[in-house]
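The values are calculated or read from the model by the stated rules, or taken from the named source; none is laboratory data. None of these values were measured; they are calculated from a predicted model. Virtual Cβ from ideal backbone geometry, glycine too; neighbours counted across all protein chains shown.
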Amino acid sequence: MAIAVGGGTGALLRHVVNHVVQARFGASFPLGIFLINVVGCLAIGIVAGLIASARIHVGEVGRAFIVVGILGGFTTFSSFGLDTFTLARGGQIGAAAVNAVGQLAFGLVAVWVGYALAHLGQ
């Protein structure tokens, strides 16, 4: 339930922030999503750092609400950033590079394939 409530909250925040930024700065570049991804990465870094340093104590439900729910609903890019950072920080530089490059490359290819599949027969 914590993830569902947090996810709904994060998704709503993403929509509002994106709408406000795009309305203010125009639609020629996806600045809203760009900023959402960067802010989400900053937020997950702060939360993960505070938890790891024991500066804050958040139970499993609280962590799920904040990290998986709110930040996951706001942007899954923040989870991608944290996973890649964690791999690199743990000395798994190759795995971090594969994660970063692989998700970007395969993700873009998957969008292209999905788009092409949706237009079959037209």
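Some points to look at:
- The listed residues are Ala23, Ala64, and the only one of them that is crowded, with 16+ Cβ neighbours inside 10 Å and among the aliphatic types (A, V, I, L, M) turns out to be Ala64.
- Applying a threshold of 6 Å to beta carbon distances and a minimum spacing of six or more residues, or different chains, the list of pairs starting in region 93-122 at a residue that is touching a residue at least 12 places away in the same chain (Cβ under 8 Å) and within 12 Å of Phe80 (Cα to Cα) and ending at one that is surrounded by 11 or more Cβ atoms within 10 Å (Cβ to Cβ) and among the β-branched types (Val, Ile, Thr) reads Ala96/Thr84; Asn99/Thr84; Ala100/Thr84.
- Breaking point among (1) of a type in the set (Phe, Trp, Tyr); (2) in a helix (DSSP H, G or I); (3) modelled with pLDDT under 90, for Phe106: (3)
- Scanning region 75-89 for residues that are among the hydroxyl-bearing types (Ser, Thr, Tyr), surrounded by 17 or more Cβ atoms within 10 Å (Cβ to Cβ), under 15 Å from Val47 (Cα atoms) and free of Cβ contacts under 8 Å to residues at least 60 places away in the same chain returns a single hit, Ser78.
- For region 1-20, a residue qualifies if it is over 13 Å from Thr76 (Cα atoms), surrounded by 14 or more Cβ atoms within 10 Å (Cβ to Cβ) and of a type in the set (A, V, I, L, M, F, W, C), and the qualifying residues are Ala2, Ile3, Leu13, Val17.
- Only one entry of Ala64, Ala54, Ala27, Ala4 meets the criterion of being farther than 22 Å from Gln103 by Cα, part of a loop (DSSP other than H, G, I, E, B), out of contact with any strand residue (DSSP E or B) (no Cβ under 7 Å at 6 or more places or on another chain) and modelled with pLDDT of 90 or more, and that entry is Ala54.
- Which listed residue is surrounded by 15 or more Cβ atoms within 10 Å (Cβ to Cβ), without any contact (Cβ under 8 Å) to a residue 24 or more places away in the chain and at negative phi, from Gly32, Gly72: Gly32
- Scanning region 67-79 for residues that are among the aromatic types (Phe, Trp, Tyr) and at pLDDT 90 or above yields one hit, Phe74.
- One residue from Val38, Val47 being hydrophobic (A, V, I, L, M, F, W, C), within 16 Å of Gly6 (Cβ to Cβ), within 18 Å of the chain's Cα centre (by Cα) and at pLDDT 90 or above: Val47
- Tally of residues being assigned to a loop (DSSP other than H, G, I, E, B) and surrounded by 11 or more Cβ atoms within 10 Å (Cβ to Cβ) across region 90-103: 1
- Selected residue (criterion: farthest from Leu104 (Cα to Cα)) from residues of region 35-50 that are surrounded by 16 or more Cβ atoms within 10 Å (Cβ to Cβ) and not hydrophobic (A, V, I, L, M, F, W, C): Gly40
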